[in-house]
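Chemist: Can you keep this structure in mind? I'll have questions shortly.
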Amino acid sequence: MAKSLLKRFSQSTVVSVANYKSIFARPRQHFQTQKQSSNLILAVKKENHLYPGSGQVQGFGLENFFYNTLTLNCVYNCDYCYLQGMYPSANQVVFVNSIDFLDAARSAISARTNKAQPLYLCISYDTDLLAFENVVPYCREWITFASEQTDLLLEIRTKSASYRSISDLPVTDRVILAWTLSPEIVASKYERGAPPVHRRLESAASAAKKGWPVRLCFDPVITVPDWKSHYQKLIETTFDAIPCRSVRDATVGVFRMNAHYLDRIRKQRQNSDILYSRYEKEGENVSYSKEQRPEITSYIRDLLTRHLPPERIEVWT
Amino acid sequence: MSSFGTYIVTALQAEARPLISHFGLKQDTTCHALRVYRSDRITLVVSGTGKVKSAIATTGVLQPVAETSRAIVLNLGISGASNLKGDQACEIGDGFLVNRLFDYSSGRSYYPDMLARCECPEAMLTTVDRPLDSKDDISVPDGLVDMEGSGFFEAAATFCGPHQIALYKVVSDFLQVEKLDKEWVSDLISAHIPRLESICDSYQAIVHEEYDVLSDEDRNLLRRVRDNLRLTVSQFKILTESARFCKLESGNPLPDLSPYFTVSVSGKHEGKQHFERIRERLLAS
């Protein structure tokens, strides 16, 4: 992997680094400044090739829920993204020792606590792997891996329109391709660098047509002015593009973020209204108020139940 | 060259001389411990040779600066070169931006951010504690060699982010210890002033990228309110955040706060009452 990346970027200046953290974790880095011209860091991850799933993400009742971090950071630059507060650097880290991640997944499959369920593994959790597939073909590698495992269910979540880069692979029901969808007004204002929603839908529709299990993620729901009609239109457009029988399931979640991350982001940038809304703090997280959250999710769920049975809709409140 | 808050550190007076002349810098006679030259936007300090002196001088000029987030700090000077090959093969007089620093004695490495868009070759720099001669039985990584870089960087990084720090080195020798002619050193540096200006412009553009909805004018208005109402540091912070909420939520300019520049305030209590009124107004916008 490292060799092929060095060959691909043969015109770039290469700086050798003993440990990726010595550049990634430097103090006083400015996330948004680096985002304007981020560097690619090739690294080896020596430990933690698998993490238990967090309560911030829907697990669809699957108990053996894990995620991994094959890369750090994301090619997109969404205003609401918690990575701005979680990582000290916007540089894109690619861990090149994929074999260790695959071994960890194999071990976890064997050691999973509930043997009646597969290991549910999100590989595009703190990043967008499919958007980066033309640089690092990890989706391809992991889909191939999943095809060979009997007790593994992968989720690859994306905002990209890059289905084409894996469209030649045989379909497997062990991989869910999940598209995050937002109304155009939200996407154009807050999801910098990500493709417009109609292109994501085209990509998702192509995958669904070929038979891939497709998940639709309405997450984070953001209450822009007139949000109800924007989300209604989005859901109508979505199911016009993708027949409901081709959709495996859908997830709904309101905007939420670790309060500490939000504080860190606000120290570096004060130019997005989404970072300055009147959120309520509950535990370690900030989100819309206790009263607003069920109203938002109920509304979206009701729209979705016109197309999907309730058991195929997972809601985070 | 637009040079808001540009801080330049050189080791030698001969390196500083062409810059002093080009930018019309004047010696700051109030500084006794350090040789400092200034214009309204550039501060240059001559540190003397060695990483400790460079760290002291860098700290000396940055410590009094109240707001360093828009400063850029540049170490400029001559350096030796060892075994630069391929694209990095060089001649005496070639200049490089440093993308990695290696402190030979501690074994530590440092990395400035290379974000500036300027056409300039890059190289690694090793900082050594004494002049290094190719005949010595010491091997250093291929690249540039100086005696200040790591000290400068450690000090600068105490005050500034890695995107604000740059090191630019002009090759003066291939590790032959000999006394260099001062005029020759000045000429070497002088030839790089146009590129140096371009580098500074590029770094300045980066640090002046705006990530705050409040404009300089807004901040000035808020400071005038603070001064007149005698607000505490904490109150001023709350006021500033409320102003951001107001602008971002409404999408409109700040409401007229000018009455609060002049309203008569007899004590802290009265100031606090005005402060609460402004805050409510901002949050209701």
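Chemist: Kindly provide the set of residues from region B:121-170 that are basic (Lys, Arg) and touching a Phe, Trp or Tyr at 6+ places or on another chain (Cβ under 7 Å), ordered by number.
Modeler: B:LYS169
Chemist: While we're on this one: When residues of region A:129-168 are filtered for being of a type in the set (S, T, N, Q), more than 18 Å from the chain's Cα centre (by Cα) and assigned to a helix (DSSP H, G or I), how many remain?
Modeler: Within region A:129-168, residues that are of a type in the set (S, T, N, Q), more than 18 Å from the chain's Cα centre (by Cα) and assigned to a helix (DSSP H, G or I) number 2.
Chemist: Of all strands (runs of 3 or more DSSP E) completely enclosed by region A:251-294, which ones contain at least 1 residues that are buried (at least 21 other Cβ atoms within 10 Å of the Cβ)?
Modeler: Here the list reads A:256-258, A:285-287.
Chemist: Something else about it: Considering only region B:232-261, how many residues are at positive phi and aliphatic (A, V, I, L, M)?
Modeler: Summing the residues that are at positive phi and aliphatic (A, V, I, L, M) in region B:232-261 gives 0.
Chemist: Mind checking which residues of region A:4-26 are more than 7 Å from chain B (Cβ to nearest Cβ) and surrounded by fewer than 14 Cβ atoms within 10 Å (Cβ to Cβ)?
Modeler: Correct list: A:SER4, A:LEU6, A:LYS7, A:ARG8, A:PHE9, A:SER10, A:GLN11, A:SER12, A:VAL14, A:SER16, A:ASN19, A:ALA25.
Chemist: Then there is this: Can you tell me how many residues within region A:68-82 are in a loop (DSSP other than H, G, I, E, B) and either surrounded by 23 or more Cβ atoms within 10 Å (Cβ to Cβ) or not β-branched (Val, Ile, Thr) (or both)?
Modeler: Adding up the residues that qualify gives 9.
One line per residue, one yes/no per condition, for (1) touching a Cys at 6+ places or on another chain (Cβ under 6 Å); (2) among the charged types (D, E, K, R); (3) modelled with pLDDT of 95 or more:
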site: B:SER3; (1), (2), (3): yes, no, no
site: B:VAL9; (1), (2), (3): no, no, yes
site: B:HIS22; (1), (2), (3): no, no, yes
site: B:ASP40; (1), (2), (3): no, yes, no
site: B:LYS53; (1), (2), (3): no, yes, yes
site: B:LEU62; (1), (2), (3): no, no, yes
site: B:SER79; (1), (2), (3): no, no, yes
site: B:SER82; (1), (2), (3): no, no, no
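Chemist: Have a look at A:ILE265, A:ILE300 and point out the one that is more than 14 Å from chain B (Cβ to nearest Cβ) and of a type outside the set (Lys, Arg).
Modeler: A:ILE300
Chemist: In contact (Cβ under 8 Å) with a residue 60 or more places away in the chain, within 14 Å of chain B (Cβ to nearest Cβ) and closer than 30 Å to A:LYS35 by Cα, is that true of A:ARG256?
Modeler: When the stated conditions are applied, A:ARG256 does not pass them.
Chemist: So which residues in region B:41-64 are farther than 24 Å from B:HIS22 by Cα, in contact (Cβ under 8 Å) with a residue 40 or more places away in the chain and not polar (S, T, N, Q), if there are any at all?
Modeler: The answer is B:GLY50, B:LYS51, B:VAL52, B:LYS53, B:ALA55, B:ILE56.
Chemist: Determine if region B:251-265 includes at least one residue that is within 14 Å of another protein chain (Cβ to nearest Cβ) and surrounded by 16 or more Cβ atoms within 10 Å (Cβ to Cβ).
Modeler: yes
Chemist: Among the residues of region A:87-101, are any among the polar types (S, T, N, Q), without any contact (Cβ under 8 Å) to a residue 40 or more places away in the chain and out of contact with any Cys (no Cβ under 7 Å at 6 or more places or on another chain)?
Modeler: No, every residue in region A:87-101 fails to be among the polar types (S, T, N, Q), without any contact (Cβ under 8 Å) to a residue 40 or more places away in the chain and out of contact with any Cys (no Cβ under 7 Å at 6 or more places or on another chain).
Chemist: Pull up region B:207-232, narrow it to residues that are within 19 Å of A:TYR276 (Cα to Cα) and in a helix (DSSP H, G or I), then point me to the one that is farthest from the other protein chains (Cβ to nearest Cβ).
Modeler: Checking each candidate, the answer is B:LEU222.
Chemist: Quick one: in region A:295-317, of everything that is under 23 Å from the mean Cα position of the chain (by Cα) and assigned to a loop (DSSP other than H, G, I, E, B), which residue is nearest to A:ILE185 (Cα to Cα)?
Modeler: A:THR317
Chemist: Okay, next question. Name the one entry in A:THR150, A:THR144, A:THR127 that is within 28 Å of A:SER206 (Cβ to Cβ) and modelled with pLDDT under 95.
Modeler: A:THR150
Chemist: Kindly list the number of the only condition in (1) polar (S, T, N, Q); (2) facing chain A (nearest Cβ under 10 Å); (3) surrounded by 19 or more Cβ atoms within 10 Å (Cβ to Cβ) that fails for B:GLN204.
Modeler: (2)
Chemist: Considering only residues that are in contact (Cβ under 8 Å) with a residue 24 or more places away in the chain and assigned to a loop (DSSP other than H, G, I, E, B), which ones fall in region A:20-45?
Modeler: A:TYR20, A:ALA25, A:ARG26, A:PRO27, A:GLN29, A:HIS30, A:SER38, A:ASN39, A:VAL44, A:LYS45
Chemist: Of all residues in region A:268-297, count the ones that are within 13 Å of chain B (Cβ to nearest Cβ) and of a type in the set (A, V, I, L, M, F, W, C).
Modeler: Looking only at that region, the number is 2.
Chemist: I'd like the full set of residues that are within 19 Å of the chain's Cα centre (by Cα) and either on the phi > 0 side of the Ramachandran plot or at pLDDT below 95 (or both), limited to region A:183-234.
Modeler: Within region A:183-234, just A:GLY193 meets the criteria.
Results for (1) acidic (Asp, Glu); (2) within 13 Å of chain A (Cβ to nearest Cβ); (3) surrounded by fewer than 20 Cβ atoms within 10 Å (Cβ to Cβ), shown as yes or no for each residue.
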| site | (1), (2), (3) |
| --- | --- |
| B:ARG108 | no, yes, yes |
| B:ALA116 | no, yes, no |
| B:GLU119 | yes, yes, yes |
| B:ARG130 | no, no, yes |
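Chemist: Residues B:GLU183, B:GLU197, B:GLU178: which one is more than 14 Å from chain A (Cβ to nearest Cβ) and under 15 Å from B:ILE8 (Cβ atoms)?
Modeler: When all the criteria are applied, what remains is B:GLU197.
Chemist: Now for a separate question. In this structure, does A:VAL44 turn out to be of a type in the set (Val, Ile, Thr), surrounded by fewer than 14 Cβ atoms within 10 Å (Cβ to Cβ) and within 11 Å of chain B (Cβ to nearest Cβ)?
Modeler: It is false that A:VAL44 is of a type in the set (Val, Ile, Thr), surrounded by fewer than 14 Cβ atoms within 10 Å (Cβ to Cβ) and within 11 Å of chain B (Cβ to nearest Cβ).
Chemist: Being in contact (Cβ under 8 Å) with a residue 12 or more places away in the chain and either away from chain B (no Cβ under 14 Å) or among the polar types (S, T, N, Q) (or both) is the requirement here; does A:GLU63 meet it?
Modeler: Yes: the conditions hold for A:GLU63.
Chemist: Same structure, new question: State yes or no: is B:ASP136 of a type outside the set (Phe, Trp, Tyr), in contact with a strand residue (DSSP E or B) (Cβ under 7 Å, 6 or more places away or on another chain), surrounded by fewer than 16 Cβ atoms within 10 Å (Cβ to Cβ) and more than 10 Å from chain A (Cβ to nearest Cβ)?
Modeler: Considered against the rule, which asks whether it is of a type outside the set (Phe, Trp, Tyr), in contact with a strand residue (DSSP E or B) (Cβ under 7 Å, 6 or more places away or on another chain), surrounded by fewer than 16 Cβ atoms within 10 Å (Cβ to Cβ) and more than 10 Å from chain A (Cβ to nearest Cβ), B:ASP136 comes out as no.
The values are calculated or read from the model by the stated rules, or taken from the named source; none is laboratory data. These numbers come from a predicted model, not from an experiment. Note: ideal-geometry Cβ built from the backbone for every residue, glycine included; neighbour counts use all protein chains shown.
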